[in-house]
1. Can you find a residue that is at pLDDT 95 or above and closer than 28 Å to TRP244 by Cβ anywhere in the range 147-155?
2. Enumerate the pairs (first residue in the range 77-88 and without any contact (Cβ under 8 Å) to a residue 24 or more places away in the chain; second residue anywhere and surrounded by 14 or more Cβ atoms within 10 Å (Cβ to Cβ) and in a loop (DSSP other than H, G, I, E, B)) with beta-carbon separation below 9 Å, excluding pairs fewer than 6 apart on the same chain, so at least 6 apart or on different chains.
3. Search the range 5-44 for residues being touching a strand residue (DSSP E or B) at 6+ places or on another chain (Cβ under 7 Å), among the β-branched types (Val, Ile, Thr) and assigned to a helix (DSSP H, G or I), and hand back the single one that is farthest from GLU145 (Cα to Cα).
4. Please go through the range 179-192 and give me each residue that is of a type in the set (S, T, N, Q) and either in the same structural domain as ILE333 (by TED's automatic domain parsing) or free of Cβ contacts under 8 Å to residues at least 24 places away in the same chain (or both), ordered by number.
5. When you check PHE105 against the structure, is it assigned to a strand (DSSP E or B), more than 14 Å from PHE317 (Cβ to Cβ) and under 15 Å from the mean Cα position of the chain (by Cα), yes or no?
6. Could you list all residues from the range 114-132 that are out of contact with any Gly (no Cβ under 7 Å at 6 or more places or on another chain) and either more than 21 Å from GLY62 (Cα to Cα) or surrounded by fewer than 22 Cβ atoms within 10 Å (Cβ to Cβ) (or both)?
7. Go through ARG176, ARG148 for me and flag whichever is surrounded by fewer than 19 Cβ atoms within 10 Å (Cβ to Cβ), touching a residue at least 24 places away in the same chain (Cβ under 8 Å) and either touching a Pro at 6+ places or on another chain (Cβ under 6 Å) or closer than 27 Å to GLY23 by Cα (or both).
8. From the list GLU251, GLU241, which one is under 23 Å from ALA220 (Cα atoms) and either of a type outside the set (Val, Ile, Thr) or modelled with pLDDT of 95 or more (or both)?
Amino acid sequence: MTTTEILRRLVGFDTTSHRSNLGLIHWVADYLAGHGVDAQLLPAEDGRKANLLARIGPDVAGGMVFSGHSDVVPVDGQAWRSDPFVLAERDGRLHGRGSVDMKGFIAACLSAVPAWQRLPLRRPIHLAVSYDEEVGCLGAPQLVERLRQQAPALAIIGEPTQMRIGVRHRGFFGHRALFTGLAAHSGDPSLGACAVEPAAHLVTRLAGLRRRFASEGSPATLNVGRIDGGTAINIVPGRCEVLWECRPPDEATARRVRDAVRDALADLPAGVTFESQQVAAVPPLSAHGNDAAVAAAHRLGALRPETELPFGTEAGFFQQAGIPAVVCGPGAIAQAHQPDEWIASAQLEAADRFMQAAGVWALAGPASG
């Protein structure tokens, strides 16, 4: 099957993050089995979703990982010219939800499998397909942990970069802060414990830190996405929830955010308690220590100069596990999440050439670098 034919099949599965991805995962596993490749399915705890991991080539260390996610963002409220889950070709563009983010990359990997299988590879090529990347890379840690046991030399995450080499991006950490006080009639507020005021203090401290980051020229960002508290104007609010997120470029910046939160909560009013839950944790990708991955991606045809990415990926999980990682894939991120999402046919052709070169890399063996 050609890359476009495979992409047509992948787009046909509605893998919006709130749905199961098992239909797509089982189709990929069957496709691989048809070419003599065994796939491992790594299910989520509830069994509704699964990661997929496959290896083409020998069971040795030093291979290359191609990693992509199977889930897509919703189409609700978007005005599409055609069915989002039926691939439509118009003027050299292939339209469909997930076509660029990032089923086009997965299709290029799968299309290359028959050619890879015919080669006497000396290093393996690992295919990794995860679930729930769009809602916090929830499937990636399990997948990376399993891959770490196979000691690959590097990982290439195929998010859309127009085939340029992405070497760094910020992390993404989401938090749910819950303040609990005591509701009372506002005629005598001393009988209650207000949960809104300390929540507002936290929001103020976060906003101040965000402004400091901006004035310093830091790429770090902070955002308070939702505040929910109180019941009526004449009732002391007994509960308030704050949903907030930060995107730090490094651990030092993340520490500044943690310190600011700790200071904001240092003196809670009497009768108010605080609970915090991390609802998303995607580590940043650093350019340090990734020379081998950059060199390999360039050898496969990826474009320079290297770039910093404005979005997060699972690459940071690979890096944390000691696997050098870069981000490089077909298509433009500007088309992702949009109505009439599309990927250019020319970009898929570039991805096909990239995959052909990967076979040559794996054929050469470790001694050739």
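The values are calculated or read from the model by the stated rules, or taken from the named source; none is laboratory data. Here the structure is a predicted model, which means the values were calculated and not measured. No Cβ is skipped: glycine too gets one built from the backbone with ideal geometry, and neighbour counts run over all protein chains shown.
1. So far as the range 147-155 goes, no, none of its residues is at pLDDT 95 or above and closer than 28 Å to TRP244 by Cβ.
2. The qualifying pairs are ASP83/GLY96; ALA88/GLY96; ALA88/ASP340.
3. Residue satisfying both the conditions and the ranking: VAL28.
4. Kept after step one, since they are of a type in the set (S, T, N, Q), are these residues of the range 179-192: 180, 186, 190.
SER190, the sole residue that qualifies.
5. On the way: assigned to a strand (DSSP E or B): no; more than 14 Å from PHE317 (Cβ to Cβ): yes; under 15 Å from the mean Cα position of the chain (by Cα): yes.
So PHE105 fails the test.
6. Kept after step one, since they are out of contact with any Gly (no Cβ under 7 Å at 6 or more places or on another chain), are these residues of the range 114-132: 114, 118, 120, 127-128.
Of everything in the range 114-132, those that are out of contact with any Gly (no Cβ under 7 Å at 6 or more places or on another chain) and either more than 21 Å from GLY62 (Cα to Cα) or surrounded by fewer than 22 Cβ atoms within 10 Å (Cβ to Cβ) (or both) turn out to be PRO114, ARG118, PRO120.
7. Values: ARG176 fails: either touching a Pro at 6+ places or on another chain (Cβ under 6 Å) or closer than 27 Å to GLY23 by Cα (or both).
Criteria check complete, one pass: ARG148.
8. Working: GLU241 fails: under 23 Å from ALA220 (Cα atoms).
Unique residue meeting the criteria: GLU251.
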